[in-house]
1. With the range 80-183 as the region, which strands (runs of 3 or more DSSP E) entirely inside it contain at least 2 residues that are surrounded by fewer than 20 Cβ atoms within 10 Å (Cβ to Cβ) and of a type in the set (Val, Ile, Thr)?
2. Which ones in the range 1-46 are among the hydrophobic types (A, V, I, L, M, F, W, C) and in contact with a strand residue (DSSP E or B) (Cβ under 7 Å, 6 or more places away or on another chain)?
3. Which numbered condition trips up Glu35, out of (1) farther than 20 Å from Cys139 by Cβ; (2) surrounded by 15 or more Cβ atoms within 10 Å (Cβ to Cβ); (3) out of contact with any Lys or Arg (no Cβ under 9 Å at 6 or more places or on another chain)?
4. For the range 20-37, name all the residues that are at pLDDT 85 or above, assigned to a helix (DSSP H, G or I) and among the hydroxyl-bearing types (Ser, Thr, Tyr).
5. For the range 60-79: of the residues being among the acidic types (Asp, Glu) and in a helix (DSSP H, G or I), which is surrounded by the fewest Cβ atoms within 10 Å (Cβ to Cβ)?
6. Determine whether Asp8 is more than 15 Å from Gly117 (Cβ to Cβ), exposed (fewer than 15 other Cβ atoms within 10 Å of the Cβ) and of a type outside the set (Val, Ile, Thr).
7. Select from the range 1-19 the residues that are of a type in the set (A, V, I, L, M) and modelled with pLDDT under 90 and list them in ascending order.
8. Do we have Asp85 as touching a residue at least 40 places away in the same chain (Cβ under 8 Å), closer than 30 Å to Gly125 by Cβ and touching an Asp or Glu at 6+ places or on another chain (Cβ under 9 Å) here?
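The values are calculated or read from the model by the stated rules, or taken from the named source; none is laboratory data. Quantities reported herein were computed from a predicted structural model and do not represent experimental measurements. Backbone-built Cβ (ideal geometry, glycine too); neighbour counts: all protein chains shown.
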Amino acid sequence: MAPYEAFDEDVEVHGRTIIAVADDALSRFSDAYRETAFDALTANGIEDPSADEWYPQQAWLNTFEAIAAELEPHILDRLGEQIPDVAEWPTGVSSVEAGLQSIDDAYRRNHRGGDIGSYDFETTGERTGEMICENPYPCEFDRGLIRAVARRYAPVESFVVVEERGERCRRDGDDACVYTVSW
């Protein structure tokens, strides 16, 4: 399976997430980026999204693909970094490990209806871990998301590094990518 291709046609994304990403996160970069997102949403059948509605994940993924094509794929990394600040996020998190584990919880709060995929984190050392992202979102987006969450909970003196490792990658048609995280 490639990025931008939903695992299940019944999966939906919560409107509040779409608005938070398109309106709040992208507007942090520029109004033109925000406009690009809303134009892509409209082109994919999501016109004037409501925070109380659910929308097809495939339309949302098509919007991500259009944003990457028009604004360059690196914007997805920067967009992923904004997610912990704009999306509904679990509370009570106080460590890097718990923060990285909370990504899956946040993902489940904002997606429903079939095989949505997952974010699975496992600690591998004192300040290291491995994240398996088995979902249809692009690698760049997940890398930025993981880095932002790790930075949020890491000690001030830490330098957070997120590297895509392993034999699996969505760019190569796999359903998952594996990242090592150190802080």
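1. In the range 80-183, the matching strands (runs of 3 or more DSSP E) lie at 118-125, 128-134, 177-182.
2. Answer for the range 1-46, where residues must be among the hydrophobic types (A, V, I, L, M, F, W, C) and in contact with a strand residue (DSSP E or B) (Cβ under 7 Å, 6 or more places away or on another chain): Val11, Val13, Ile18, Ile46.
3. (2)
4. Within the range 20-37, Tyr33, Thr36 meet the criteria.
5. Glu70
6. Considered against the rule, which asks whether it is more than 15 Å from Gly117 (Cβ to Cβ), exposed (fewer than 15 other Cβ atoms within 10 Å of the Cβ) and of a type outside the set (Val, Ile, Thr), Asp8 comes out as no.
7. Met1, Ala2
8. Yes: the conditions hold for Asp85.
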